[in-house]
Amino acid sequence: MSRTAQPGIFAQGTRSHHYLELTVRPDVEVTALRQALRRLREPGVTAGGLNLVVAFGPSLYRRLHPEDVPAALRDFEAISVAGGTRGVPSVQRDLWLWLHGTGADVVLDGARLAAAALAPVAEVALEQPAHVYRDGRDMTGFIDGTENPPVEEAPEVAVVPHGPGAGGSHMVVIRWVHDLAAFDALSLDEQQQVIGRTKLASEELEDKAPTAHIARVVIEEDGEELEIYRRSTPFGTVGEQGLYFVAFSADPSRFTKMLHRMYGVGDQVFDRLTDFSRPTTGGHYFAPSLQALAHALAG
Ligand code: HEM
């Protein structure tokens, strides 16, 4: 049977985003869980051109649809280096929702309805409203997404091609908080060396430092670059700014390899970006195909 990926993973042009990370309450029966999850399909949650992507933490997906769990799906493992002073914490939750649309109003309405539908079985552990910043820039002012696969090639990068989990996507989600005061205090040249690209036009630097972000995350294996499909969005208030990093991949080991390179696992070379941005969470999720999702909810 052919499988269709959740279309919201690839939908473009939405400027308002809202992410919910939820924890299932202890002792909740699987039938009650399914019943609550089915309410996400009721009109309202996805009305008004709103996109909804539903993903599960490994243990919840195992409860809901064990036959569709890919062998590679595991909880996020914390990275801890430099005597525990640097790394990525594991903050693994059970359920992850991403609502995105054309305005903060419809997105917030959808998020409130979704949280209410799930309230009997799950608690919102983290809520992150986020937005497209200017012309697709991260809050550091650099364009984020230049080397992302174009949407027509993205499914090949992001979707499990066959076997258990076919049509679904592995995900990594990390909430980063920037130290913009420190980043903004750098000269333009220094900032460009942090990323490895020019700030205005996102052109790759010819003489980039080995610690530049793109020098660390570009990994070649057997002559092929490892690819992931990034769908992160920035967030910010006067007090705190950051990036809610979201990436999809057919193979979750690509995330781990990139994160290990950012944190110098093996070669002690750190991504300079990690001097200016601190991860506050780290989770692995699985966004099943539409057919597998329907099956998981039907029981
Ligand atoms: C604070 C967190 C992060 C920020 C601000 C950030 C920002 C950026 C920017 C500005 C670029 C260059 C433009 C582009 O090609 O999109 C980039 C590229 C990239 N980033 Fe990040 N990033 C962050 C975290 C991560 C993480 C955690 C990963 C992987 C797990 C990652 C993987 C990549 C990849 C694969 C590229 C494309 C490299 C290329 O092919 O040239 N990034 N990022």
Subject >> Among the residues listed as GLY87, GLY110, GLY145, the single one being open to solvent by less than 10 Å² (accessible area, probe 1.4 Å), touching a residue at least 60 places away in the same chain (Cβ under 8 Å) and among the small types (Gly, Ala, Ser) >> reply: GLY110
Subject >> Residue that is over 30 Å from ALA182 (Cβ atoms) and either outside any strand (DSSP E or B) or away from the ligand (no atom under 16 Å from the Cβ) (or both), where the choices are ALA115, ALA125 >> reply: ALA115
Subject >> Out of VAL157, VAL88, VAL151, sole residue that is away from the ligand (no atom under 14 Å from the Cβ), of a type in the set (A, V, I, L, M) and at negative phi >> reply: VAL151
Original post:
Does the range 140-148 contain at least one residue that is closer than 18 Å to THR237 by Cα, assigned to a loop (DSSP other than H, G, I, E, B) and either within 15 Å of the ligand (Cβ to nearest atom) or touching a helix residue (DSSP H, G or I) at 6+ places or on another chain (Cβ under 9 Å) (or both)?
Top reply: yes
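Is one or more of the residues making up the range 270-277 closer than 30 Å to LEU52 by Cβ, in a strand (DSSP E or B) and touching a helix residue (DSSP H, G or I) at 6+ places or on another chain (Cβ under 9 Å)?
Within the range 270-277, the first condition is being closer than 30 Å to LEU52 by Cβ, and the residues that meet it are 277.
Now drop any that are not in a strand (DSSP E or B), which leaves 277.
Okay, now just the ones that are also touching a helix residue (DSSP H, G or I) at 6+ places or on another chain (Cβ under 9 Å), so 277.
Scanning the range 270-277, I find at least one residue that is closer than 30 Å to LEU52 by Cβ, in a strand (DSSP E or B) and touching a helix residue (DSSP H, G or I) at 6+ places or on another chain (Cβ under 9 Å), so the answer is yes.
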Subject >> Tabulated pairs, the range 180-197, first in contact (Cβ under 8 Å) with a residue 12 or more places away in the chain, second open to solvent by 80 Å² or more (accessible area, probe 1.4 Å) and outside any helix (DSSP H, G or I), C-beta under 8 angstrom, 6+ apart or interchain >> reply: GLY196/GLU204; ARG197/GLU203; ARG197/GLU204
Original post:
Among (1) free of Cβ contacts under 8 Å to residues at least 60 places away in the same chain; (2) closer than 18 Å to PRO279 by Cα; (3) surrounded by fewer than 19 Cβ atoms within 10 Å (Cβ to Cβ), which single condition is ARG216 missing?
Top reply: (3)
**OP:** Identify, by number, the condition in (1) within 13 Å of the ligand (Cβ to nearest atom); (2) of a type outside the set (Phe, Trp, Tyr); (3) surrounded by 19 or more Cβ atoms within 10 Å (Cβ to Cβ) that GLY165 doesn't meet.
**Re:** (1)
**OP:** Could you identify the single residue in ALA36, ALA5, ALA55 that is in a helix (DSSP H, G or I) and either without any contact (Cβ under 8 Å) to a residue 40 or more places away in the chain or open to solvent by less than 30 Å² (accessible area, probe 1.4 Å) (or both)?
**Re:** ALA36
**OP:** Take the range 61-77 and flag every residue that is open to solvent by less than 60 Å² (accessible area, probe 1.4 Å) and either small (Gly, Ala, Ser) or farther than 21 Å from THR256 by Cα (or both).
**Re:** LEU64, HIS65, ASP68, ALA72
Subject >> Lone unmet requirement of (1) on the phi > 0 side of the Ramachandran plot; (2) in a strand (DSSP E or B) for SER202 >> reply: (2)
Original post:
When the range 81-106 is examined, which residues are found to be acidic (Asp, Glu), out of contact with any strand residue (DSSP E or B) (no Cβ under 6 Å at 6 or more places or on another chain) and farther than 17 Å from ASN51 by Cβ?
Top reply: none
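Would a scan of the range 233-252 turn up a residue that is within 9 Å of the ligand (Cβ to nearest atom), within 22 Å of HIS162 (Cβ to Cβ) and of a type in the set (Phe, Trp, Tyr)?
If we filter the range 233-252 for residues that are within 9 Å of the ligand (Cβ to nearest atom), which is where we start, we get 234, 242-243, 245, 247.
Next, from what is left, pick out any that are within 22 Å of HIS162 (Cβ to Cβ): 247.
Retained after the next criterion (residues that are of a type in the set (Phe, Trp, Tyr)): none.
Looking for residues that are within 9 Å of the ligand (Cβ to nearest atom), within 22 Å of HIS162 (Cβ to Cβ) and of a type in the set (Phe, Trp, Tyr), one finds none in the range 233-252, hence no.
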**OP:** Return the only residue of VAL106, VAL30 being modelled with pLDDT under 95 and touching a Leu at 6+ places or on another chain (Cβ under 8 Å).
**Re:** VAL106
Original post:
In the range 186-199, is there at least one residue being near the ligand (Cβ under 10 Å from one of its atoms) and on the phi > 0 side of the Ramachandran plot?
Top reply: yes
**OP:** Sort out which residues of the range 253-291 are within 25 Å of ALA125 (Cα to Cα), buried (at least 20 other Cβ atoms within 10 Å of the Cβ) and not hydroxyl-bearing (Ser, Thr, Tyr), and write them in order of number.
**Re:** PHE255, LEU259, PRO279, GLY282, GLY283, HIS284, PHE286, ALA287, PRO288
**OP:** Considering only the range 168-202, state which residues are open to solvent by 30 Å² or more (accessible area, probe 1.4 Å) and within 30 Å of ALA55 (Cβ to Cβ).
**Re:** ARG175, ASP179
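The values are calculated or read from the model by the stated rules, or taken from the named source; none is laboratory data. Only a predicted model underlies this, so the values are computations on that prediction, with no experimental measurement involved. Note that we place each Cβ from the backbone using ideal geometry, even for glycine, and neighbour counts take in every protein chain shown. Heavy atoms of the whole protein, side chains included, go into the accessibility calculation; ligands, DNA and RNA do not. Shrake-Rupley method; radii C 1.70, N 1.55, O 1.52, S 1.80 Å.
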